[in-house]
Amino acid sequence: MAKAVAPIELETAGAWRWHVRTDSIRDTNEALSGLWGRVAQQADSSESLPGDTAAAIGRGEPRLASHLAIDEDGVRVRTRTSVLTLVVVAPRPELVERAMAAVSTLASRHPSRAIVISPTDPDGPPDFDAHIYASCQLPERGSSEICTEEILIRIGGELAQHLSSTVAPLLIHDLPVVLWWPDDVPFGRPDFTELADECDRLFVDSGQFRGDGLERLASMADAVYHGLVVHDVSWMRLMLWRELLASCFDHPLLVRELKHLRAIRVEVARPGDDERLSRAVLFVGWLMSRLRLQVEEPLARAADGAWTATVRSGKRPVEVEVRPVEVGYSGAVRSAGSVVRVELEAERADAHTQVNVTRQADHLLATADWNGASVTRRATQ
């Protein structure tokens, strides 16, 4: 049953928040309607403003009044806004905290109804515990106050096995639905498939796939083939690498050398024994699509610890090597699977070309040598 809605003190970030707790889907929908009714009611009275602020407006204080959306009749305007429904599946407590923090950060730029699902023991007793938050950001000059909502639901038992049955009644009609799965995505598992069918697109980070990530990457490719729209954070992180490498071949001496490619080598960070290959495989896959290369021998572990494959450009074999390496600098680039270095080597009768993109302490550096002479050198943050 829904509990009373209570306004929370004005936060330092400049937002009001309201909270209600429920123990069923039906009560959650009813609580959402009641909560927004309460918010709208407060907008019509000084109850929605801190005492000093209300008094200042009553005195005609222009410095405060200019930051609040008040119409000609003195009514404060609050706009409940959603551009999409964001569904987040967070099985672990740390993922719940991460998801809620991300939702709060994005609220002002991408207002949405955010539904964070935290499934617990699927074989345990049935459980449903929902916390609903309404949040209103103080407006910019001359604009209405933007209000969004976040729903955190912890479920267990049979509900944890059928996530879609919990999410479907809470979706906003005619708005796109984005599914974010911040953990290792269980492609093909029934609960994932059912939930993905309710959503328009999936947001993942393939760099977080467990193990070497190859099996999950293949499953993701299969899901894309069957129509699932996927946005991969790891692919976005490779954008600068792709742009910098491609720009090297704008040089007149290097334009035709890609037709004589002989080897592709990628080094990825390996902290301890944790090897993840997803980002390197994505990068090699991008090169293969651009150069129309075909797989001859799939990626496999070599005796020296590297992963090797053979692809083909027409009748010419191209060696592929992905090598996990230890790195000496700190920061996010030390995370398992982060790309550290990319090398392309091309050779023909009268020319030898070597192009490298390497991760420096705070930037990427691309260099290209043609017959031993440096012909280009570029850097980017």
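Listed values, structure above:
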read-out: Beta bridges per DSSP with both ends in the range 95-243, % antiparallel, nearest 5; value: 45 percent
read-out: Gap separating the Cα centres of the range 284-357 and the range 153-178, nearest whole Å; value: 41 Å
read-out: Carbon plus sulfur fraction of accessible area for the range 94-199, probe 1.4 Å, in percent; value: 52 percent
read-out: Sequence of T367, T148 when ordered by accessible area, the most exposed leading, probe 1.4 angstrom; value: T367, T148
read-out: R0 of 45 Å, Cβ-Cβ distance R26-E94: FRET efficiency to nearest 0.05; value: 0.90
read-out: Heavy-atom accessible area per residue - the range 235-381, 1.4 Å, Å²; value: 52 Å²
read-out: Most to least packed among 321-327, 226-232 [average Cβ atoms within 10 Å]; value: 321-327, 226-232
read-out: Difference of contour (0.36 nm per residue) and Cα-Cα distance, D274 to R256; value: 2.6 nm
read-out: Note, ³J(HN,Hα) from phi for the range 232-241, Karplus 6.51, -1.76, 1.60, rounded to Hz, x at Gly and Pro; value: 10, 4, 4, 5, 5, 5, 8, 4, 5, 4
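The values are calculated or read from the model by the stated rules, or taken from the named source; none is laboratory data. Being a predicted model, the structure only gives us computed values, none of them experimental. With ideal geometry, Cβ positions are generated from the backbone for all residues, glycine too; neighbour counts draw on all protein chains shown. Side chains included, ligands, DNA and RNA excluded: accessible areas come from the protein's heavy atoms. Shrake-Rupley method; radii C 1.70, N 1.55, O 1.52, S 1.80 Å.
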